[in-house]
Amino acid sequence: MPFRPHEALRCPLDGLPLELQDGCVRCPNLHSFDVARQGYVNLLSAQDKRSKDPGDSQAMIAARHRFLEAGHYRSLADSVGDLLLPHITSDSLVVDAGCGEAYYLECLREGILKSGQPEPQMLGFDISKWAIQAAARRFSATWLVASNRNIPLRDASVDLVIDMFGFSDFASFTRILKPAGLLLRVQAGAQHLLELRHIIYPELKDRKESTMLPEGFSLVQNARLEFDVPRLDRQSISDLLLMTPHLFRASADGKKRAAALESLSINVDVSLELLRKA
Ligand SMILES: C[S@@+](CC[C@H](N)C(=O)[O-])C[C@H]1O[C@@H](n2cnc3c(N)ncnc32)[C@H](O)[C@@H]1O
Ligand SMILES: [Zn+2]
């Protein structure tokens, strides 16, 4: 899909506006960024990279894609849609920060179209180029490789930021949001994937939930979503482990126990908070 430029784009190096010219995105200081043939731009500066291949790996993105496309978390996507739809218009700029392979953004878009509402402007970015390559295959939107720490978007240009299981940077979200702009924050709750965690960790520590509102935001609405996903098969169990940080934290024995499972039922426990920039 061809790259879709947006007037809110700014240069990650000097903050000047970016424009699409001759297959590149350029600022007036002639910093230039190639448009990838897959339809995205990599606006990650050297300072924003903490490794050569930052963010989720190709294997993690493929696992998340398979798991989410199997529909196991569809009710979460529906809850996100129910919460956000009343707040989105055709003029809105909706930004998914750390969008991964953009399953939730695509579900939101489908929900909007199904409801007969016109499509808003949608932009997704992630620090992982593998994530953005997968996202750009889904539908036409502005897709960027970029970091939450240095979002290449103008100040006060965004109506809604979506931050699902992401590496939040509230100062950046505040900067890019318009006055009274909205932030959807989705986080794992204390009971999230408890059965799986019992299997892979010898001792389970209590999970601390951050209930504090980020500075400069007020609460519009919050919801808690709990549901069970029965009988995941081996492929889905291995995908789930790979798409979460658990695989890296689990003990060797824990990983063996998980690998031996033929089937597993999981419980999902997530909190959704819709916040408004003060
Ligand atoms: C747990 S995944 C969630 C992905 C997606 N929001 C979802 O719910 O399916 C976290 C994502 O954050 C990305 N990420 C990590 N650090 C980031 C950063 N500094 N800026 C933007 N994205 C980042 C990872 O590459 C990964 O795709
Ligand atoms: Zn520049």
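The values are calculated or read from the model by the stated rules, or taken from the named source; none is laboratory data. All values reported here derive from a predicted model rather than from experimental measurement. Cβ sites come from the backbone with ideal geometry, for glycine too, and all protein chains shown count toward neighbours.
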Flag if P12 is closer than 22 Å to L93 by Cβ, surrounded by fewer than 17 Cβ atoms within 10 Å (Cβ to Cβ) and at pLDDT 95 or above: no
Pairs, first touching a residue at least 12 places away in the same chain (Cβ under 8 Å) and hydrophobic (A, V, I, L, M, F, W, C) in region 76-104, second within 16 Å of ligand 2 (Cβ to nearest atom) and part of a strand (DSSP E or B), C-beta under 8 Å, six or more apart: V95/L153
Any hit, region 244-256, residues being surrounded by 12 or more Cβ atoms within 10 Å (Cβ to Cβ) and closer than 24 Å to D78 by Cα: yes
Strands (runs of 3 or more DSSP E) contained in region 81-191 and holding at least 1 residues under 30 Å from K205 (Cα atoms): 93-97, 121-126, 158-164, 177-188
Lone qualifier among A141, A180, A190, A146 - being in contact (Cβ under 8 Å) with a residue 60 or more places away in the chain, under 29 Å from A278 (Cβ atoms) and in contact with a Pro (Cβ under 7 Å, 6 or more places away or on another chain): A146
Number of positions in region 1-47 that are over 22 Å from G98 (Cβ atoms), within 14 Å of ligand 2 (Cβ to nearest atom) and in a loop (DSSP other than H, G, I, E, B): 7
Residues (within 16 Å of ligand 1 (Cβ to nearest atom) and at pLDDT 95 or above) located in region 15-52: Y40, V41, N42, L43, L44
Helices (runs of 4 or more DSSP H) completely within region 195-278 that count 3 or more residues being touching a residue at least 40 places away in the same chain (Cβ under 8 Å): 234-243, 252-259
Number of the condition not met by V95 [criteria: (1) crowded, with 16+ Cβ neighbours inside 10 Å; (2) of a type outside the set (D, E); (3) out of contact with any Asp or Glu (no Cβ under 7 Å at 6 or more places or on another chain); (4) more than 16 Å from N150 (Cβ to Cβ)]: (4)
